[in-house]
Amino acid sequence: MPATVIAGTQWGDEGKGKVTDVFAEQVDYVVRYQGGNNAGHTIVIGDERFALTLIPSGVLNPGVTPIIGNGTVIDPKVLLDEMAALEQRQVDVSLVRLSANAHLIMPYHRKIDALQERFLGSGQIGTTKRGIGPAYTDKFSRHGIRVQDLFDPKIFRDKLDAALKEKNKILVKIYNQLPMEAAAIADEYLEYGRRLTGHVTDTALLLADALAAGKEVLFEGAQGTLLDVDHGTYPFVTSSNPTAGGATIGSGIGPTAIDRVVGVTKAYISRVGSGPFPTELDDAVGETMVDVGGEYGTVTGRRRRCGWLDAVALRYATRINGLTEIALTKIDVLSEFDTLRICIAYQAAGERFEEMPRQQRVLYRCEPVYEDLPGWKTDISQAESFDDLPPAALDYIARVEKIAGVPVSMVSVGPQRKATLTR
Ligand code: GDP
Ligand code: IMO
Ligand code: MG
């Protein structure tokens, strides 16, 4: 029953795609359990670069069955386009399986996402405008339309008509927009359904059977702990549970099947979109992190905000996810700096915080308390094992282990699949 979860410990973009791709060499199934095409997971193999948004990163490993679980929200056009683009590059997508219970992102979800953001003005969340929040809203208010509904035109049309009765009032009366036409949406979506037929199944049953047969299952989180709707910096979060617990709900596999939880941690930290960020750097160091780390969004191309590693957040993520280990990524980017900093606590209004403040309003005022470590100032991107790393880099890794209280089992020194050190 060996199942492993890979989850981001920060605000996303930690390198989960790369780490998943490396782990996928040894597993049979890779499962996305939450989120949708708000995710952007980049994988570099040789001269080829893949940017995946919905299809699990395991797809690049022949023989792996990529599963898109019930906890995700699916924009069917994006999924079909992503499969077609992969096929064009000779990647086999025939094994991709999609849960019949996953919810659909509808055109009005995308529209309302963008309109809600516009109306929030300076208070906007900075969403990816992919309709993620509105699709999950409909799921939980029980007005959602699911993948399985694509296969019954009458049910699909009934649900769509019911939804549009409300959505069109919102679009016209609140947002001053034109109403949407049910017939056109139904034609479009039912055609997507026809094209997806062979891929849709009961993925919870498929995974249960696989685990019973001794197969290895890997769960690939999207987003990160601090973007979790329950445990993140609400309301500047996404609308799902990227944390490890989400893997069970979003796949239909019980928690007892999971024996390993890998927290993907970037050696510094980034955030795209709005919200508090205690270690954010508005200086030349932050600029260097963006430039050297290539910190621009895979999905929206937005510049990511960058700052030093936040140990308060990392300890929090270790606890919330029940991490058994850490995969430390992009440590090569730190080669640029003479001195490295880790935020070991926060300071606000004369009080010191070793844990995330209970009141989020305090987090906005938190100043980081830094510990300085010497840099190594040598190129480590060609390292092939831990033995090839300079002592200062090994010290940095040891410090991360001490802070988190779990081992760093993998270190990534470049975007390439082979730029990965394990122990
Ligand atoms: P994800 O959303 O967590 O999968 O992360 P992204 O793919 O959005 O962002 C991570 C970026 O860093 C991608 O462009 C990766 O190719 C790149 N990357 C991953 N690991 C490393 C690493 O160890 N070093 C460097 N320099 N780049 C990396
Ligand atoms: P990966 O999987 C970084 C952020 C958005 C916004 C907030 C809500 O690549 O790490 P949403 O569209 O989900 O309603 O936006 O969450 N966000 C991400 N930030 N990486 C991601 O995914 C993200 N997915 C959503 O920028 O702040
Ligand atoms: Mg990303």
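The values are calculated or read from the model by the stated rules, or taken from the named source; none is laboratory data. Predicted model, so just to flag it, every value in this text is computed and none were measured. Reconstructed Cβ throughout: ideal geometry from the backbone, glycine too, with neighbour counts over all protein chains shown. Side chains are part of the model used for accessible areas, which takes the heavy atoms of the whole protein and leaves out ligands, DNA and RNA. Shrake-Rupley method; radii C 1.70, N 1.55, O 1.52, S 1.80 Å.
A single member of ALA392, ALA383, ALA398, ALA404 is open to solvent by less than 40 Å² (accessible area, probe 1.4 Å), closer than 28 Å to PHE23 by Cα, more than 23 Å from the chain's Cα centre (by Cα) and more than 16 Å from ligand 1 (Cβ to nearest atom), and it is ALA392. Please verify whether the range 15-27 includes one or more residues that are within 12 Å of ligand 3 (Cβ to nearest atom), among the acidic types (Asp, Glu) and crowded, with 24+ Cβ neighbours inside 10 Å. No; the residues of the range 15-27 include none that is within 12 Å of ligand 3 (Cβ to nearest atom), among the acidic types (Asp, Glu) and crowded, with 24+ Cβ neighbours inside 10 Å. Scanning the range 32-55 for residues that are in contact with a helix residue (DSSP H, G or I) (Cβ under 7 Å, 6 or more places away or on another chain) and more than 15 Å from THR238 (Cβ to Cβ), we see that the one that is nearest to ligand 1 (Cβ to nearest atom) is THR42. Within the range 38-74, the set of residues being in a loop (DSSP other than H, G, I, E, B), within 12 Å of ligand 2 (Cβ to nearest atom) and open to solvent by less than 10 Å² (accessible area, probe 1.4 Å) comprises ALA39, LEU54, PRO56. Selection of first residues in the range 288-311 that are over 10 Å from TYR268 (Cα atoms) and in contact (Cβ under 8 Å) with a residue 40 or more places away in the chain and of second residues that are away from ligand 3 (no atom under 16 Å from the Cβ) and open to solvent by 40 Å² or more (accessible area, probe 1.4 Å), restricted to Cβ pairs under 7 Å at least 6 apart or on distinct chains, gives the following pairs, ordered by first then second residue: THR288/GLU336; VAL292/GLU336. Output yes when any residue across the range 338-352 is among the hydroxyl-bearing types (Ser, Thr, Tyr), surrounded by 17 or more Cβ atoms within 10 Å (Cβ to Cβ) and either modelled with pLDDT under 95 or closer than 18 Å to ASP291 by Cα (or both), and no when none is. No - not one qualifying residue is present in the range 338-352. Tell me yes or no: at least one residue of the range 4-18 is hydrophobic (A, V, I, L, M, F, W, C) and more than 30 Å from PHE236 (Cβ to Cβ). Looking through the range 4-18, none of the residues is hydrophobic (A, V, I, L, M, F, W, C) and more than 30 Å from PHE236 (Cβ to Cβ). Among the conditions (1) touching a residue at least 60 places away in the same chain (Cβ under 8 Å); (2) within 16 Å of ligand 3 (Cβ to nearest atom), PRO107 misses just one, which is (2).
Of all residues in the range 216-247, those satisfying the criterion of being among the aliphatic types (A, V, I, L, M) and part of a strand (DSSP E or B) are VAL217, LEU218. Counted as qualifying within the range 107-215 are the helices (runs of 4 or more DSSP H) with 2 or more residues that are farther than 21 Å from SER251 by Cβ, namely 107-120, 132-140, 153-169, 182-196. Going by the structure shown, is ARG305 open to solvent by 40 Å² or more (accessible area, probe 1.4 Å), away from ligand 1 (no atom under 16 Å from the Cβ) and in the same structural domain as ILE380 (by TED's automatic domain parsing)? It is false that ARG305 is open to solvent by 40 Å² or more (accessible area, probe 1.4 Å), away from ligand 1 (no atom under 16 Å from the Cβ) and in the same structural domain as ILE380 (by TED's automatic domain parsing).
Restricting to the range 259-283, and then to whatever is over 24 Å from TYR364 (Cβ atoms) and surrounded by fewer than 22 Cβ atoms within 10 Å (Cβ to Cβ), can you tell me which residue is farthest from ligand 3 (Cβ to nearest atom)? It comes out as ASP259. From the list LYS159, LYS173, LYS167, LYS154, the one residue that fits, being open to solvent by 70 Å² or more (accessible area, probe 1.4 Å) and within 12 Å of MET106 (Cβ to Cβ), is LYS159.
Checked against (1) under 25 Å from LEU79 (Cβ atoms); (2) touching a residue at least 60 places away in the same chain (Cβ under 8 Å), TYR234 passes all but condition (1).
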